[in-house]
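The values are calculated or read from the model by the stated rules, or taken from the named source; none is laboratory data. No experiment lies behind these values; they were computed from the predicted model shown. Because the Cβ atoms are built from the backbone with ideal geometry, glycine has one as well, and the counts that use them run over all protein chains shown. Ligands, DNA and RNA are excluded from the accessible area calculation, which covers all protein heavy atoms including side chains. Shrake-Rupley method; radii C 1.70, N 1.55, O 1.52, S 1.80 Å.
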Amino acid sequence: MNIFQKALLLNPKKRGFHLITAEILHAFPQIREIKAGICQIFIQHTSASLTINENADPTVRKDFEMFFNKAVPEDDPDYQHDYEGSDDMPAHLKASLLGSSVMIPIKNGKFALGIWQGVYLCEHRDFGGERSLMLTAWGE
Amino acid sequence: MNIFQKALLLNPKKRGFHLITAEILHAFPQIREIKAGICQIFIQHTSASLTINENADPTVRKDFEMFFNKAVPEDDPDYQHDYEGSDDMPAHLKASLLGSSVMIPIKNGKFALGIWQGVYLCEHRDFGGERSLMLTAWGE
Amino acid sequence: MNIFQKALLLNPKKRGFHLITAEILHAFPQIREIKAGICQIFIQHTSASLTINENADPTVRKDFEMFFNKAVPEDDPDYQHDYEGSDDMPAHLKASLLGSSVMIPIKNGKFALGIWQGVYLCEHRDFGGERSLMLTAWGE
């Protein structure tokens, strides 16, 4: 068993859901050396998150943004943590609903994703800035 | 450390939440060879998902179906991705709320689950068809 | 590659969200022996969960409790599984929304968390009692 680890800094992205599968594979060529294993992608922030979903139709990503804005409202008067802006506390909640990491099986040097699956960076802040990922892959 | 990997195709299941713990253990006997490790169960689809929850009372699984149908409504006029049917966009959203994988510790050749925990296949489509899982386990 | 595994029993905590990062690091010093790896924290229950979020302002954890109580109501007359109390079925649903494990990269013997990230124990029951975790870490 081998293990590889690499930090990856993503350029700032606008609020919403963004496909980053290709960027990860490009940044982490060690995946190709693993015949059977796992890759973890971890985001080192509490107001952005990661998920796996449909990689083809961009309206799916738009509907994700619409849905999560309805499900986690801004400016709820019951929020106590409100001094960092209307988008801040909802961003924390969305981050935990979606999660701070995804784990993808590796088979024969490639992500063993379904044909419609891709990795989303979920940017929940209006101006989130750069986002730091930690990529870790292990296997034989 | 050893690593094992196996694809598992599940028969079509009706929309709802289904216990699949026994089916996974049966399909993946290599788990018994691991004294301390982890098993990942990954679903290669974007309209079905996996979670861990109560394994005894079937009404819990019925309440899951009821709750997620309320929390993620069908036919929201704000959906842009609506041409694959009323159940399609909600299925994508439910899949990301619940997640595309579960990770279970292995101890002495068995899943180190709590006594009430089981693995659910969460089928979010009306006619989802067969579902492909990738099982990966590693440890000593 | 090495793998370490340890059970950890947490004292009863009141309903809500609690930072447990320091308690985990204290209980599992083997993390310091790993230069590059992963730690999984798994909770062996279906009415409590784990997530990663903001580690500084305690009002964030209060807002988590407020939000999840609104998002997953008690005493919905549509619940069929209602004989264990008003907090029971909502606890199962919250546990699956948040998840039963978190996976944290390890770098140079430390959790490679962002500076604002901490591990939350999410206690969804009014009287949840002690909670059993299984800690597993692997790497080189």
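Tabulated results
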| item | result |
| --- | --- |
| Subset tally (residues that are within 10 Å of another protein chain (Cβ to nearest Cβ) and touching a Phe, Trp or Tyr at 6+ places or on another chain (Cβ under 8 Å)) for the stretch B:39-49 | 2 |
| Residue list for the stretch A:101-116, filter: over 23 Å from residue C:119 (Cβ atoms), of a type outside the set (Gly, Ala, Ser) and either open to solvent by 10 Å² or more (accessible area, probe 1.4 Å) or more than 7 Å from chain B (Cβ to nearest Cβ) (or both) | A:106, A:107, A:108, A:110, A:111, A:113, A:115, A:116 |
| Residue within the stretch C:78-100 that is open to solvent by 10 Å² or more (accessible area, probe 1.4 Å), farther than 18 Å from residue C:48 by Cα and not in a loop (DSSP other than H, G, I, E, B) present | no |
| Qualifying strands (runs of 3 or more DSSP E) (wholly inside the stretch B:14-59; at least 2 residues being at pLDDT 95 or above and surrounded by 24 or more Cβ atoms within 10 Å (Cβ to Cβ)) | B:36-43, B:48-54 |
| Residue within the stretch A:60-69 that is within 14 Å of chain C (Cβ to nearest Cβ) and within 21 Å of residue B:45 (Cα to Cα) present | yes |
| Selection within the stretch B:101-140 - among the charged types (D, E, K, R), under 25 Å from residue B:1 (Cβ atoms) and part of a loop (DSSP other than H, G, I, E, B) | B:140 |
